[in-house]
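Q: Starting off with a structure, shown below.
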Amino acid sequence: MNRKILFDWLDARFPGLWNRPGFVAGFDAAIDAAIADPIDLGPSKVLTVSKAGVDLIKEFEGCRLTAYPDPGTGGKPWTIGYGATLINGKPVTPGLRITRDIADKLLLEDIERHADPVRDMVNGYATQGQFDALVSFAFNVGVNALKRSTLLRKHMEGDHEGAANEFARWNKAAGRVLAGLTRRRAAEVKLYRS
């Protein structure tokens, strides 16, 4: 590396900088350190939900072509297809019916709507299985719940085993443990660890 180019550039922009005691030696040492330990700019991959992630969401959401009440509340939010609560920005209402094709289209839109913020949260620091599991989790409990969770904090700290153990804590709706949520969290953990 031609250090003279850097020194000349600095000298042209910051005259007199070189006159400070120890500056040249300190700057030289900083260049050596940067060369020895380059900055990690992070992964360049763009995460997308895989077929395994879509299949997991489909399995636990199930597909119902007639609107049904939320199993945790017995009412709102009303849900249709694979867990859609909105169609064209409007809440699902009792009595609404859709086709399988519309249900599939809504699912892919909903998955991407949840994947975008998860992608931003993990900033590429996730394996495919981890990303899929986190999107499934956010799809089920909400993006804001994931954002505030100890699960995400541990994941981002690199404590992946600790993060995996956090999934099981999220098996309640309206304060009650639901067997379906317990099974879903176990499946998400399995995918997270894959």
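The values are calculated or read from the model by the stated rules, or taken from the named source; none is laboratory data. Fair warning: this is a prediction, and the values are worked out from it, not measured in the lab. Here the Cβ positions follow ideal geometry from the backbone for every residue, glycine too, while neighbour counts run over all protein chains shown. Note: accessible area is taken over every heavy atom of the protein model, side chains too, but ligands, DNA and RNA are not part of it. Shrake-Rupley method; radii C 1.70, N 1.55, O 1.52, S 1.80 Å.
Q: To the nearest 20 debye, what charge dipole does the chain have about its Cα centre, counting +1 at the Cβ of each Lys and Arg and -1 at the Cβ of each Asp and Glu?
A: 840 debye
Q: Here is a further query. For the chain, what number results from the quotient of the Cα radius of gyration and 2.2 N^0.38 Å? Working shown, then result.
A: Details: Rg = 24.6 Å, N = 194, 2.2 N^0.38 = 16.3 Å.
Compared with the compact-globule rule of thumb, the chain sits at 1.51.
Q: Which order do you get for E188, E161, E61 if you rank them by accessible area with a 1.4 Å probe, largest at the top?
A: Result, largest first: E161, E61, E188.
Q: Just the accessible area per residue of the chain, please: how many Å² with a 1.4 Å probe?
A: 59 Å²
Q: Of V92, N140, A126, which is farthest on the positive side of the dipole of the chain, counting Cα position, with +1 on Lys and Arg Cβ, -1 on Asp and Glu Cβ, and the Cα centre as origin?
A: V92
Q: Give me the net charge for the shell around A25: Cβ to Cβ below 14 angstrom, other residues only, Lys and Arg +1, Asp and Glu -1.
A: Once positives and negatives cancel, what remains is 0.
Q: Report, by chain and number, residues whose modeled amide H sits under 5 Å from the one on I87, excluding near sequence neighbours (fewer than 5 apart, same chain).
A: Distant-sequence amide H within range of I87: V92.
Q: Let me ask something else about it. I need the per residue convex hull volume for segment 90-160, using only the alpha carbons, in cubic angstrom as a whole number.
A: Output value, Cα hull per residue: 99 Å³.
Q: Roughly speaking, what is the stretch gain from A29 to E157, that is 0.36 nm per residue apart minus the C-alpha to C-alpha distance, in nm to one decimal?
A: 43.1 nm
Q: Lysines near K190 by alpha-carbon distance under 27 Å, same-chain residues fewer than 8 away left out - which ones?
A: K45, K51, K58, K105, K147, K154, K172
Q: Right, something else. At 222 nm, what helix-only mean residue ellipticity would the chain give, in deg cm²/dmol to the nearest 500, using -39500 (n - 2.57) for each DSSP H run of four or more?
A: Calculated at 222 nm, the ellipticity per residue is -17500 deg cm²/dmol.
Q: To the nearest 0.05, how large is the calculated FRET efficiency for A52 and L178 if R₀ is 25 Å and r is the Cβ-Cβ distance?
A: Once rounded, the FRET efficiency stands at 0.60.
Q: Could you calculate the FRET efficiency of T99 with D120 from 1/(1 + (r/R0)^6), where r is the beta carbon distance between them and R0 is 35 Å, rounded to 0.05? Please report the intermediate quantities before stating the final value.
A: Details: r = 33 Å, r/R0 = 0.93.
Given R0 = 35 Å and the Cβ-Cβ separation, E is 0.60.
Q: Order the peptides 127-138, 22-33 from the highest to the lowest mean number of other Cβ atoms within 10 Å of their residues.
A: Those peptides, ordered most packed to least, come out 127-138, 22-33.
Q: Leaving out ligands, DNA and RNA, and with a 1.4 Å probe, what % of the accessible surface on segment 53-194 is carbon or sulfur?
A: Here it works out to 53 percent.
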